[in-house]
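*Asks:* Input: one structure, supplied below.
The values are calculated or read from the model by the stated rules, or taken from the named source; none is laboratory data. Owing to the predicted nature of the structure, the values given are computational and were not obtained by experimental measurement. Reconstructed Cβ throughout: ideal geometry from the backbone, glycine too, with neighbour counts over all protein chains shown. Surface areas here come from the heavy atoms of the whole protein model, side chains and all, with no ligands, DNA or RNA. Shrake-Rupley method; radii C 1.70, N 1.55, O 1.52, S 1.80 Å.
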Amino acid sequence: MADYENLKVSVSDFIATITVNRPQAMNALNSQVLAELADAARALGADERVRVIVLTGEGKAFVAGADIKEMKDMDMISFRRFVAAGQNALYVLDTLEKPVIAAINGFALGGGCELALACDFRVASSKAKFGFPEVGLGIFPGFGGTQRAPRFLGRGMASELIFTGAMIDAAEALRIGLVNHVYAPESLMEETLKIAASIAKQGPIAVARAKTAVKMAGDTTMEAGLAFEREAMVVTFATKDRYEGMSAFVEKRKAEFNGE
Ligand code: CO8
């Protein structure tokens, strides 16, 4: 794994943890962080030691958005490149075959909230805060937020958050379904790793295919989704892992999956 200036990456027991590590700037996403995130996601996607990825932030913030200081004086060409880099980094994460869990330790604002929405699901510390303050800066969520927020939250809730720029707390995020669980700050990582471990011990090919199929539910027609589910299921049935899972059940023992 490459060394990154703004990320800490570790792998243990099939779980990779990416920590955005720019706490002096509230982990704001500048061009370099975005490039590093895309690179790390691609590398972990191809790493056989990894079955699940946890994404979190160092310090008080998960990610407090795109880097306003870098954006402020950009011309249109550089800004376009920056938007594309942001969309691309989040798309790489979103379309990995491995599940990605956002462990939201603090502020998840603007591009940070968009980043969290590019993960499969989110859990949060009770201190976390969420919102899309972009309209207060004269821009709007442009790292995929206008497309992902309505898919996760419904159009009405997404519109209110995006148009008002309001900041909400973890309890409200739980209520609207933006996060699945809220934990005490000191137990956030421990609880997230428990969820990650319960995914990592399943058949990895089955989880990967399930992730792609679940994602399709928000993006395509019922017919196309069912067709994908059917064909992906048949391919999954042909794996050694499937035979191991069913044999382990019949033989009353724990399954050992090799991702084959
Ligand atoms: N960009 C750059 N620097 C930042 C950012 C940011 N998004 N957020 C915080 N920082 C910096 C601060 O400027 C400060 O730096 P310095 O010490 O040099 O003054 C340092 O981090 C610490 O921040 P604060 O002193 O402000 O810390 P507080 O605890 O008082 O406040 C907050 C924390 C509430 C998170 C506050 O920092 C804040 O409001 N940050 C900005 C939040 C925001 O507006 N985010 C949206 C940014 S725009 C965006 O995400 C667009 C995404 C998609 C656009 C598509 C086109 C590119």
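*Asks:* Starting from the Cα gyration tensor of segment 103-175, multiply each eigenvalue by 5, take the square root, and state the resulting semi-axes largest first in whole Å.
*Replies:* 17, 13, 12
*Asks:* Keeping every protein chain in place, order Ser12, Ser125 by accessible area at 1.4 Å, biggest value first, i.e. largest first.
*Replies:* Sorted descending by solvent-accessible area, the residues read Ser12, Ser125.
*Asks:* Mind checking the dipole of segment 7-200: about its Cα centre, +1 per Lys or Arg Cβ, -1 per Asp or Glu Cβ, Debye to the nearest 20?
*Replies:* 180 debye
*Asks:* Using just the helices of the chain, give the 222 nm mean residue ellipticity in deg cm²/dmol: DSSP H runs with n ≥ 4 each add -39,500 (n - 2.57), and the total is spread over all residues, rounded to 500.
*Replies:* It lands at -15000 deg cm²/dmol.
*Asks:* Per residue, what accessible area does the chain have, given a 1.4 Å probe and all protein chains present, in Å²?
*Replies:* That works out to 52 Å² for each residue.
*Asks:* In addition: How would segment 163-244 be classified by its alpha-carbon gyration tensor: rounded, prolate or oblate, with rounded meaning a/c under 1.5 and the a/b versus b/c comparison settling the rest?
*Replies:* oblate
*Asks:* Per the 1.4 Å probe, what fraction of the accessible area of segment 107-151, in percent, lies on carbon and sulfur atoms?
*Replies:* Whole-percent figure for carbon plus sulfur exposure: 62.
*Asks:* Does anyone have the angle between helix 76-94 and the longest principal axis of the chain? Alpha-carbon axes, 0 to 90°, nearest 10?
*Replies:* With rounding to tens, the tilt is 30 degrees.
*Asks:* Also, quick follow-up: Can you list the lysines whose alpha carbon is less than 17 Å from that of Lys254, not counting same-chain residues fewer than 8 positions off?
*Replies:* Partners found: Lys201, Lys240.
*Asks:* Based on the alpha-carbon gyration tensor of segment 165-212 and its eigenvalue square roots a ≥ b ≥ c, which shape applies: rounded if a/c is under 1.5, prolate if not and a/b is larger than b/c, or oblate?
*Replies:* In terms of gyration-tensor shape, oblate.
*Asks:* Right, here's the next one. May I ask you to give the average projected area over all directions of the convex hull of the Cα atoms of the chain, in nm² rounded to one decimal?
*Replies:* If you wrap the Cα atoms of the chain in a convex hull and average its projections, you get 14.7 nm².
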